[in-house]
């Protein structure tokens, strides 16, 4: 039960942060990515501001024996930069630039702007299925 409550709190906080910061607004994201046009730098401050709490979280994590709601930490290992990683990063960037959404804001937009977000989420799920089938 503790894990569910922590996940619910974290997801709610994340979604509220996306909505408040403008990260869930595709037009703002596309304006940020439009370096040669009418560049909107506000999301640079959002991303820069995210570094501070993340740095604090890493410092706290190093001092803990185990996480609050689990038996052990499940942190990803370091991987090499290979063709699959590069291709995935390019696909992510192109999708983000075209749609103005990435997975977190896309799901949050289901509550804010459901119809366009639904098209994105369906495409996201289709991509996940294609990856699962071809890997």
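The values are calculated or read from the model by the stated rules, or taken from the named source; none is laboratory data. For clarity, every value in this text was computed on a predicted model and none was experimentally measured. As a convention, Cβ positions derive from the backbone with ideal geometry for all residues, glycine included, and neighbour counts pool all protein chains shown.
Numerical summary
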| read-out | value |
| --- | --- |
| Residues being touching a helix residue (DSSP H, G or I) at 6+ places or on another chain (Cβ under 8 Å) and either part of a helix (DSSP H, G or I) or over 18 Å from residue 99 (Cα atoms) (or both) - total across the stretch 8-26 | 6 |
| Filter result (in a helix (DSSP H, G or I) and surrounded by fewer than 11 Cβ atoms within 10 Å (Cβ to Cβ)) within the stretch 27-53 | 27, 45, 48, 51, 52, 53 |
| Matching option when the condition is in a helix (DSSP H, G or I) and either farther than 20 Å from residue 30 by Cβ or at pLDDT below 85 (or both), among 85, 91, 80 | 85 |
| Selected residue (only one of 4, 46 is out of contact with any strand residue (DSSP E or B) (no Cβ under 9 Å at 6 or more places or on another chain) and either within 23 Å of residue 120 (Cβ to Cβ) or touching a residue at least 60 places away in the same chain (Cβ under 8 Å) (or both)) | 46 |
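Here's the yes/no breakdown for (1) surrounded by 14 or more Cβ atoms within 10 Å (Cβ to Cβ); (2) touching a residue at least 60 places away in the same chain (Cβ under 8 Å); (3) under 24 Å from residue 16 (Cβ atoms):
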| residue | (1), (2), (3) |
| --- | --- |
| 99 | yes, yes, yes |
| 104 | yes, yes, yes |
| 118 | no, no, yes |
| 135 | no, no, no |
